Ligand SMILES: Cc1cc2nc3c(=O)[nH]c(=O)nc-3n(C[C@H](O)[C@H](O)[C@H](O)COP(=O)(O)OP(=O)(O)OC[C@H]3O[C@@H](n4cnc5c(N)ncnc54)[C@H](O)[C@@H]3O)c2cc1C
Ligand code: FES
């Protein structure tokens, strides 16, 4: 075999493989109809046109609508439930394993699907369960930011018109991000809100994270699109009795807004707040928390830090937030029985804290959480 033939044969093989691949793609696209227009009729008779293959959640978001979906389509929260019917068949029933594990049995019977798992294939009509509703897209501009450490940033946004934006303490927004023609939705809790429409987010940077990188790279004046406010992580207005809050990292954000509002209305029952971070540099707003403790003798704050040097300006617990809580529990006066416990932060921390309270005889119904 001469040199020319030795070069030609691999080229012919590669060419044949490319032809075969494009034929297979064409066949699959014809068979499954990817990219074909598909109509989705909403409960209010509005019809959206999507492309086969895209998810119902992404179609809604592209059309400036969203339903509650705190995990942003990762298939973990189970909130994006929606009843789907096709024109040809009465119900669309091919649930995947994520849907089977997250949709309650009674809703499986009524053809509910997860909008983030439902890939459009045929024309369908959808309706929302119970009293859930569509959220409309809003915009806000970054007016200032504050870098706390290499991992944390505070961001302050203002809405052009804040008349219909009144977040309750503990609520969050879902930010809409378009990147390389894909759509991403990420949830961030409101850390404070003032009546002139300025709201604050506290963001922890996640390596290669779409949402946190997007927010970390914003410059003053940049506009964001978002849905909300939404969520039920809150202290009921008429609540009385001792409260425990436990936060991991940026899980402080919703608790900060709740605490600020509680003490505006002069809450006087005992409040114990445990906050854990990885390094001392990540602790922010300690002045604010100390001043709350100074003016409200029933407010107690405990900081836990995984790593820090010995010379720190105030008392810290070395370790994670659950160890700090365990330490407190051993010495806690018997009279302190929490009526309500709010947990906020990474999933593992929240689950381990729930286990801790369960071991210590706390009724799970007195615990509410935001986990991610
Ligand atoms: C109700 C709610 C409120 C929230 N509030 C806040 C808030 O106030 N501030 C805030 O910073 N975040 C908050 N989050 C988390 C936030 O929505 C994002 O999940 C987080 O910012 C990571 O998203 P990302 O797009 O940057 O990373 P992704 O693109 O989702 O993930 C990139 C990679 O990092 C991994 N990863 C994702 N999260 C973590 C993590 N926590 N630790 C380590 N690895 C991770 C992923 O598995 C993936 O491999 C909240 C979440 C929920 C559900
Ligand atoms: S958006 Fe969370 S499960 Fe669908």
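Okay, here's what the table says:
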read-out	value
Nearest 10 degrees, 0 to 90: helix 252-264 Cα axis against the chain principal axis	40
Length added when fully stretched, residue 330-residue 43, from 0.36 nm per residue minus Cα-Cα	97.9 nm
The chain shape via C-alpha gyration tensor axes, a/c threshold 1.5	prolate
Shape category assigned to the range 193-304 from the gyration tensor of Cα positions, a/c cut at 1.5	prolate
Distance between modelled label sites at residue 131 and residue 281, nm, 7 Å Cα→Cβ extension	4.7
Rg over Rh, two decimals, the range 135-230 (C-alpha only, Kirkwood Rh)	0.93
Prolate/oblate/rounded label for the range 37-127 (Cα gyration tensor, a/c 1.5)	oblate
Footprinting exposure proxy for 116, 77 (fewest neighbouring C-beta atoms within 10 Å first)	77, 116
Pairwise label distance in nanometres, residue 222 with residue 268, each label 7 Å out on the Cα-Cβ vector	4.7
Translational D in µm²/s for the range 243-371 (Stokes-Einstein at 25 °C, 0.890 mPa s, Kirkwood Rh from C-alpha pairs)	164
Within the chain, helix-based [θ] at 222 nm, where runs of 4 or more DSSP H residues each add -39,500 (n - 2.57), nearest 500	-8500 deg cm²/dmol
Between helix 347-359 and the chain: long-axis angle, C-alpha atoms, 0 to 90°, nearest 10	50
Ranked 275, 372, 329, criterion: other C-beta atoms within 10 Å, fewest first	329, 372, 275
Residue 240-residue 166 FRET efficiency (beta carbon distance; Förster radius 22 Å; 0.05 resolution)	0.35
Two-site label geometry, residue 368 and residue 121: point separation in nm, points 7 Å out along Cα→Cβ	3.9
Segment residue 146-residue 85, extension gain: residue separation times 0.36 nm, minus the distance between their alpha carbons	17.2 nm
Two-site FRET efficiency, residue 348 against residue 98, from Cβ-Cβ distance with R₀ of 22 Å, rounded to 0.05	0.65
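Only the coordinates and a few stated rules stand behind these numbers; no lab work does. Not measured: the values here are computed from a predicted model. Ideal geometry is used to build each Cβ from the backbone, glycine not excepted, and the neighbour counts take in all protein chains shown.
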